[in-house]
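The block underneath contains the structure these notes are about, expressed in structure tokens.
The values are calculated or read from the model by the stated rules, or taken from the named source; none is laboratory data. Computed from a prediction, not measured in an experiment: that's the story for all the values here. Using ideal geometry, Cβ is built from the backbone for each residue, glycine included, and neighbour counts are taken over all protein chains shown. In case anyone asks, the SASA skips ligands and DNA or RNA and just uses the protein heavy atoms, side chains included. Shrake-Rupley method; radii C 1.70, N 1.55, O 1.52, S 1.80 Å.
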Amino acid sequence: MQVWKRMALWFTLGAAAVLGTGCGTLSTIGKLEDGAGAESMRMWDRWIEGNGDIAVATTWERKVKPGVSAKDVEEIFKLVAVERNMRDVGTLPLSKELEARSGKKEKLLTVYSFCSPATARKMVDFSPHMAAYLPCRISVVEHDDGSLWLYTLNMDMMVKMGRKLPSPLKEEAWAVRETIWQMMERGSKGEF
């Protein structure tokens, strides 16, 4: 991001902190995880790079290595889930559903869902709004050129940007984040 844009953002945030919402803003900043500001700036940069597409700013993506099939990716997801004690809680084969409705071939679009039930419960107890993020999902998307891509929510928002998570919830949330990260990394590379 250009330096002047960062300066403008910080000026705007600083002005907001001083005017009207100053006390609330400063109070909230003191409750955030260490590094929350840096993570929010990374998201800001991605938002700018994505021409204002909020989904670009809030997700991770990986291009699947040529030769790695969608079936390979699925098997790797399930393998990592077992290795890291996450539950496979469902698969939504959207492209197959669309094909069944239209009778026409569709580009691949499948959503895989995973969850750590105990961690999910603790996160929702910490913040009921976290329920909107459940379960963790990874989508396999076929682009027009036939390449496969993986997309998931940026899990760093959960563990790096919000209010400080108490132990042991923080460590459990980090383990979920690492599991999704491993699924993305290994799935994209075809690493069983």
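The table below lists the values:
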item	result
Rg over Rh [alpha-carbon atoms, Kirkwood Rh] for the chain	1.03
FRET E, pair LYS65, TRP44, Förster distance 22 Å, beta-carbon r, rounded to 0.05	0.15
Rel. contact order, % - alpha carbon contacts under 8 angstrom, at least six apart, region 78-186	24 percent
Relative contact order (percent, whole number), region 106-161, Cα cutoff 8 Å, 6+ residue spacing	35 percent
Accessible area (Å², 1.4 Å probe, nearest 10) - TYR151	70 Å²
By average C-beta atoms within 10 angstrom, highest first, the peptides 156-164, 100-108	156-164, 100-108
Positive-end residue, region 27-135 charge dipole about Cα centroid, Cβ charges, pick of ILE76, PRO93, THR119	PRO93
Residue list for region 113-154, given a label point 7 angstrom along the Cα-to-Cβ vector of THR58 and an amide N cut-off under 11 Å	132-133, 153-154
Listed residue (THR110, MET157, HIS143) projecting farthest to the positive dipole end of region 94-183, Cβ model	MET157
Sorted peptide list for 76-88, 166-178, criterion being average Cβ within 10 angstrom, highest first	76-88, 166-178
Net charge dipole size for the chain [Lys, Arg +1 and Asp, Glu -1 on Cβ; Debye, nearest 20]	260 debye
Net charge dipole size for region 70-173 [Lys, Arg +1 and Asp, Glu -1 on Cβ; Debye, nearest 20]	420 debye
Charge sum, other residues only, whose C-beta stays under 12 Å from GLY30's C-beta, Lys/Arg counted +1 and Asp/Glu -1	+1
Kirkwood Rh in Å, taken over all unlike Cα pairs in region 29-105	16.5 Å
Net charge of neighbours whose Cβ lies under 12 Å from the Cβ of LYS105, counting Lys and Arg as +1 and Asp and Glu as -1	0
Cross-link pairs beyond the 21 Å C-alpha cut-off, checked among LYS65/LYS170; LYS122/LYS164; LYS31/LYS170; LYS31/LYS122; LYS71/LYS189	LYS65/LYS170
Residue-normalised accessible area of the chain, expressed per residue, 1.4 Å probe, Å²	59 Å²
Length-normalised contact order of the chain in % [C-alpha pairs under 8 Å, at least 6 apart]	29 percent
